[in-house]
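The values are calculated or read from the model by the stated rules, or taken from the named source; none is laboratory data. Since the model is a prediction, treat every value here as computed from it, not as a measurement. Virtual Cβ from ideal backbone geometry, glycine too; neighbours counted across all protein chains shown. Heavy atoms of the whole protein, side chains included, go into the accessibility calculation; ligands, DNA and RNA do not. Shrake-Rupley method; radii C 1.70, N 1.55, O 1.52, S 1.80 Å.
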There are 2 protein chains.
Amino acid sequence: MEHNPILVIGAGPAGLEAARGAADLGYRALLVEKAPVLGGTPILADYAAITPNMENAEVAMKRMVDAVADDPLIDVRLETVVTAAEGDAPEINVTLSTPAGNEQMAVGSVIVCTGFQHFDPGRETQMYGYYEYDDVITLVDCERMLKAGSFVKPSNGETPKRVCFIQCVGSRDRQIGNFWCSKVCCGIACKEAIEIRQMVPDCQVFVFYIDMRMYGFWEDEIYWKAQDDHKVNFIRGIVTEITKRGDQVVIKGEDTTMGRPVEVPMDVVILSVGMEPSEGSTKMAEIFRMPLESHGFIETIGGALNTVTTSRPGCFAAGASTGPADLEDSISMAGAAVMKAAGFLRKHSLAASKSA
Amino acid sequence: MEHNPILVIGAGPAGLEAARGAADLGYRALLVEKAPVLGGTPILADYAAITPNMENAEVAMKRMVDAVADDPLIDVRLETVVTAAEGDAPEINVTLSTPAGNEQMAVGSVIVCTGFQHFDPGRETQMYGYYEYDDVITLVDCERMLKAGSFVKPSNGETPKRVCFIQCVGSRDRQIGNFWCSKVCCGIACKEAIEIRQMVPDCQVFVFYIDMRMYGFWEDEIYWKAQDDHKVNFIRGIVTEITKRGDQVVIKGEDTTMGRPVEVPMDVVILSVGMEPSEGSTKMAEIFRMPLESHGFIETIGGALNTVTTSRPGCFAAGASTGPADLEDSISMAGAAVMKAAGFLRKHSLAASKSA
C-alpha cells in the first residue's frame, strides 16, 4: 500500500537526518524548510566547527545535505512554511505557503525539527550591554568571526589581548523565566575558547561559569584540552555588571572560588547565550495542536523512555524543538522519530488492509 | 524478500526499544539477553525510580517488556550470550550459547545494547573505604534501599540523621584513568537525595560536588526542587578521606566555595559511582570486530552527526555501550539504530533483487 509521505519540518541536522532515514526505510519524505538553503542553524548562523569533534561545519552539513539531494523519495521544498493542517494522521492535509503561492498536500505523519533560537541578550536584561558596546558579542557572533578566520576586537579591528566568556546568559535564570540549562553552551564556549587561543596565541582567554557542564567525553576531549593544552582560564564566578572604560569593557562580579570581587578589563566579552523555543517550533505546535511543556518547548510524552512521541497521534518532534539538545541528541532523536513515524504508517496500512 | 533478523544484544531500555522498533517496522528481531529476565540494569540493579520523572522503575520497564512479549516478529532468548560471529552483514552467522547448549543463527544486522557497569569503588582506590565501612555505600546500594522502602544506616539499622553524597567517584579521575564524566550521576544523586528527604524527613542531606551537571530540564525539574522544596544542601568541594569515628564515618576535604577545610561526621556516605564499559560491551566489540574508542567504549564513527554507526558495516551500537548515556540517550539511540539497521537490510535486498 502506498503511504502519504512523512512530513519533515525544518532542514537542520535533525530534519536532514529524518528525511534521509525515511527514504532509507522506503518511505516518501516531504522536507519543508523556510530558509532558501538546507542545513539549518549550523549553516544559517555560520558555525565554524561542529562540537565536539571540531569538524568544519560546512563540510559536515554538506555531507548531510548531499545525502538528501536527488533522492526520488525525498521532496525538498525550500522557502516554504506550513501554515495550516487539517485532519488526523495518517491523513493530514497541510497547507504549504511559498513566495509563489499556496499548495495543499496530504501527509501521513509529521516530524517537527524546527529547532531553537538563540537567547537575545538585549531582551529583558540590559545587564550585559550587548546592544550598547560593540565589544560585547555572543557565542554566535564569535562563531561567525572564527569561521571568517579573523578574531578581532569589533570596535576597532585590533587584535584582542584579553577575552572572556560569560556562561549561562539566558539560561538557569529565574528572573527572566528561562529556568532550564541550555546544555551545549559550556561545550561550545570551550570549543570557541580553544579556537581563539589557536588563532590569536597571545590572547588570554577566561571563562566565567557556575558549573562547567562538560558531560560524557566532552570532559577530557574539550574541557581538559582547553585547560592543559590551550591554557584557557576557567573561573567559577558571577558577573553582575559590564561597563566601559576607555576602549575596554570592564566586567565586575565575584570569583566564588577565591571568595573575592573581580573587576577586570576585557577587550572582548562573549556572552554564552542559551537556547529558547524557536518561533517555528511554537507555530508548528499550534498548527498541529501539540501541547507545549512548561518551558515552552514541544512536549513529548512518556518521559525518558519515549523521547519523540507527542500527544498528537502520528506527530513526532526531534531535537531542540523539544528542549535543549546537542547535535548527538538531535541526530539520535531524528532517527528515533523516523522509526516511530514509519512504524505508525505501517501499522495503519496493516489495519486498513485487514478491514478492506 | 525475507531478511535475516536484526540481532539485538542486551534487553535493557535500549535493547527493548530496538527490538520493539524493528518489529514495528516489519523486521524480525532476535533479542538476546544474558540474564534470566528482561529489563536490564533498571531491573537487575533494583532501581526504585526512573530519572528524571520519578516514575516507578518496575512499572516503566514492565511497559517496555510487555511491548516485546508475544510479538511474532521478536524472538526473545534469555540466559543467552553471543559467543562467536562469522561473516559479514547481512549474513553474519552467530553462535548463541545457553545453559542448554549452543545454537547457530544467521542474522542480517546487529545492534549492540550491552550498556555499562557501575564503577567499583574498591578497585584501584581505597580512599573511600567502601569495602571497609558498612555505612559507605554507592548510588546503586542506595537505590536498592529506596526501592525496598526503608533508608537506614546499614551498620545498625537505625534512622540516619545526616547523609552525604560524594560525586564523581570513578569519573573525571585522571589517577584511575576514567577521564570521562559519567553524565547521569548528578541527576541520580539529586533524585535519591529528594527520595531520602521524603522518606526520612529529619535527615539532613548533603551533596559534595565539583560541578552539578544538571543539563536541560534537570536544572529546574530536579536540581532546584532538591534545593527549594527538599532542602538538600549542595557543597562545592573535594572529599579526600573517609575515616571512622565511633559509629559514624567522617569525611574530610575542602569546601572550595568557602575556601575552608571540612571535617563532618556522617551516618551514611553515598558514593556516586560512574559508568564504565560493561564486560558485555567489551566482549561484543571483540566478537563483532568493532573497535573501541579511547575510553574503552564501542566506537561510533561520524562524530556528532552519526551516533550509532560503528566501523563494521551493518553493526550498530546504542546507549551506554558507546559511552556515558542517560535514559533518553539510550532510547533515542536505540530508535536511530533500528532505523539504520532496517535501512541497511533494505538497501542490501534492493541491491540483491537488482542483480538477480
Would you mind listing the distances between the residue B:354 label point and the same position in each other copy? Use 7 Å along Cα-to-C-beta, nm, one decimal, shortest first.
-> 3.5
Unit charges at the beta carbon, dipole of segment B:52-195: most positive-side option, B:177, B:166, B:95 = B:166
Which percent of the accessible area of chain B is formed by carbon and sulfur heavy atoms (probe 1.4 angstrom)?
-> 51
Quick one: label points 7 angstrom along Cα→Cβ at residue B:252, distances to the other copies in nm, smallest first?
-> 4.3
Bridge orientation stat for chain B from DSSP, antiparallel percent rounded to 5, came to 50
Mind checking which lysines have their C-alpha under 18 Å from residue B:244, skipping anything on the same chain fewer than 8 residues away?
-> B:153, B:161, B:252
Considering only protein heavy atoms, with the full assembly of protein chains and a 1.4 angstrom probe, order B:310, B:98 by accessible area, largest first.
-> B:98, B:310
Given springs between every Cα pair under 10 Å in a Gaussian network model of chain A, which of A:11, A:317, A:45 has the largest fluctuation?
-> A:45
Could you sort the residues of segment B:295-310 by number and keep only those whose accessible area is reduced by 40 Å² or more in the all-protein-chain setting relative to the chain alone, 1.4 Å probe?
-> B:295, B:304, B:305, B:307
Each residue of segment B:136-144 in order: what ³J(HN,Hα) in whole Hz does its phi give by Karplus 6.51 cos²θ - 1.76 cosθ + 1.60, θ = phi - 60°, with x for Gly and Pro?
-> 9, 10, 10, 3, 6, 4, 5, 4, 5
B/A buried area, accessible surface, summed, 1.4 Å probe, Å² = 4900
Quick one: accessible surface of residue B:240, probe radius 1.4 Å, all protein chains present, in square angstrom to the nearest 10.
-> 80
Expressed in angstrom, Rg and Dmax over the Cα atoms of the protein assembly as shown are 25.8, 82
Neighbours of residue B:253 by Cβ distance under 10 Å: Lys/Arg at +1, Asp/Glu at -1, summed charge -3
Return the percentage of antiparallel bridges among DSSP beta bridges fully within the protein assembly as shown, rounded to the nearest 5 %.
-> 50
Tilt relative to chain A, helix A:13-24 - C-alpha long axis, 0 to 90 degrees, to 10 = 30
Please work out how much accessible surface residue B:231 shows to a 1.4 Å probe, ignoring ligands, DNA and RNA, in Å² rounded to 10.
-> 120
In the Gaussian network model of chain A, springs joining C-alpha atoms below 10 Å, which of A:139, A:345, A:44 carries the largest mean-square fluctuation?
-> A:44
Sort the following peptides by mean Cβ neighbour count (other Cβ atoms within 10 Å, averaged over residues), highest first: A:185-191, B:173-179.
-> A:185-191, B:173-179
Put a label point 7 Å from Cα along the Cβ direction on residue A:56, then list its distances to the equivalent points in the other copies in nm, shortest first.
-> 5.7
Given Cα pairs under 8 Å that are at least 6 residues apart, what percent is the relative contact order of segment B:110-245?
-> 24
Accessible area (Å², 1.4 Å probe, nearest 10) - residue B:244 = 90
What percent does the relative contact order of chain B come to when contacts are Cα pairs within less than 8 Å and at least six residues apart?
-> 20
Counting only heavy atoms of the protein chains, get the accessible area per residue of the protein assembly as shown (1.4 Å probe) and round it to a whole Å² value.
-> 38
Identify all lysines with a Cα-Cα distance to residue B:147 below 16 Å; exclude those on the same chain that are fewer than 8 residues away in sequence.
-> B:62, B:191
Using only the Cα atoms of segment A:119-274, build the gyration tensor, take square roots of its eigenvalues as a ≥ b ≥ c, and label the shape rounded, prolate or oblate: rounded if a/c is under 1.5, else prolate if a/b is larger than b/c, else oblate.
-> rounded
Any idea how far the Cα center of segment B:161-220 sits from the one of segment B:17-94, in Å?
-> 29
Report the residue, chosen from B:77, B:162, B:260, that carries the largest GNM mean-square fluctuation when chain B is represented by alpha-carbon nodes joined by springs under 10 Å.
-> B:260
